[in-house]
Amino acid sequence: MRIDVLGVGFDNCTMDQAVAEGIRLMGDGGCHYVVTPNPEIVEMCREDEEVRRIINGADLVLPDGVGVIYAARMLGTPLKEKVPGVDFAQKLMASMAGSGKTLFLLGAKPGVAEEAGRRLEAAYPGLRIVGTHDGYFQEDAPVAEAIRETGADVVFVCLGAPKQEKWMVANGPATGAHLLVGLGGCLDVFSGNTKRAPEVFQKLGLEWFHRLLKEPRRIGRMMKLPLFMIHVMGEKGKR
Ligand code: UDP
């Protein structure tokens with residue numbers, strides 16, 4: 001069941017249910033994609049009909065941040081729990097390591113995906129990363145073809161939003177992969193270039209605040225958060 005937050009329908013599932021569904025989609029044939037919107041992306045969807053269609057068209061729409069969880073609760077339709085993309089990806093890889101499914105890492109600055117790949121293979125023994133490509137390319141088709149040649153089952157697409165979502169819809173079928181997951185800055189985390197917030201920040205729902213302290217240039221983007229809350233309050237009034 002999906003829960004509407006300002007026009008974006010979020011799957012109301014726990015982390016474990018989301019991972020189980022990801023695994024099912026992987027083995028389902030066809031080409032599926034997963035998105036992990038945060039309040040900033042919900043705001044993008046309000047401003048851009050095409051982005052909204054692409055987000056809502058995903059096979060799994062996971063609430064990446066605590067902001068979406070608060071919003072759903074305020075609107076009287078609570079979601080079960082937050083499902084951060086980075087945690088979802090880690091659980092998916094743990095499962096893939098045991099099943100022999102293969103993974104391709106796409107995105108981030110040159111060298112980052114390779115380093116992430118090395119670290120992930122060490123962290124998840126048995127995980128098969130069959131290829132990597134940076135996220136700064138001009139033409140999509142050769143990249144999709146390079147992925148197809150590896151025979152990857154799953155692609156982590158880390159180009160930032162909404163570029164990665166558009167890329168998955170336009171190029172997913174050409175990659176031959178069964179599951180594509182849009183994961184923003186995850187490769188920077190997996191490569192060790194960016195540190196995740198300490199657990200206490202994560203538990204308190206303050207991961208965004210830690211990120212702001214580390215990367216003050218994000219303030220412009222984060223100003224979308226109060227705007228999001230204003231829109232949620234407006235919607236609550238209407239309902
Ligand atoms: N990126 C990319 N190609 C581009 C633009 C961005 O590969 O054309 C990468 C960028 O290097 C970073 C990621 O996309 O690794 C976006 O990270 P950001 O922190 O903005 O994403 P978030 O996690 O906030 O969605």
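When SER99, SER191 are compared by accessible surface with a 1.4 Å probe, the order from highest to lowest is SER99, SER191. Taking only protein heavy atoms and a 1.4 Å probe, the accessible area of the chain is 54% carbon and sulfur.
Taking the charge dipole of segment 104-199 about its Cα centre, with +1 at Lys and Arg Cβ atoms and -1 at Asp and Glu Cβ atoms, the residue from THR194, GLY131, PRO162 reaching farthest to the positive side is THR194. Keeping all protein chains in position, work out how much accessible area TYR124 exposes to a 1.4 Å probe, and write it in Å² to the nearest 10. Counting only protein heavy atoms, TYR124 exposes about 40 Å² to solvent.
Rounded to the nearest 20, the Cβ-based charge dipole of the chain about its Cα centre (Lys and Arg +1, Asp and Glu -1) stands at 800 debye.
Give me the net charge for the shell around ALA116: Cβ to Cβ below 15 angstrom, other residues only, Lys and Arg +1, Asp and Glu -1. Net local charge, ALA116 excluded: +1. Here, segment 103-172 has an Rg and a Dmax of 11.7, 34 Å when only alpha carbons are counted. Projecting the alpha carbon convex hull of segment 1-135 along each direction and taking the average yields 8.6 nm².
Between THR194 and LEU212, 0.36 nm times their residue separation minus their Cα-Cα distance comes to what?
Contour length minus Cα-Cα distance gives 5.2 nm.
Dipole magnitude for segment 153-239: about 440 debye, using +1 per Lys or Arg Cβ and -1 per Asp or Glu Cβ, origin at the Cα centre.
In whole percents, the pair-distance distribution calculated for segment 101-239 from its alpha-carbon pairs, binned every 5 Å from zero, is 2, 9, 15, 18, 17, 13, 11, 8, 4, 2, 0.
In this structure the chain gives 46 Å² per residue of accessible area when probed at 1.4 Å with all protein chains present. In straight-distance terms, cross-link reach from LYS214 covers every one of the lysines whose alpha-carbon lies under 20 Å from its own, apart from those fewer than eight places away in the same chain; here that gives LYS109, LYS195, LYS203, LYS224. Inter-part distance, segment 26-54 to segment 129-166, computed on C-alpha centroids, equals 17 Å. Restricting segment 127-208 to chymotrypsin sites (Phe, Trp or Tyr not before Pro) that sit in a DSSP loop and have at most 10 other Cβ atoms within 10 Å of their own Cβ leaves TYR136.
Please compute the length gained on full extension between MET233 and VAL86, using 0.36 nm multiplied by the number of residues separating them and subtracting their Cα-Cα distance.
Stretched out fully, the MET233 to VAL86 stretch lengthens by 50.1 nm.
The values are calculated or read from the model by the stated rules, or taken from the named source; none is laboratory data. Because the structure is predicted, anything quoted here is derived from the model rather than measured. A quick note on method: Cβ atoms are made from the backbone with ideal geometry, for glycine too, and the neighbour counts reach across all protein chains shown. SASA here: full protein model, heavy atoms, side chains in, ligands and nucleic acids out. Shrake-Rupley method; radii C 1.70, N 1.55, O 1.52, S 1.80 Å.
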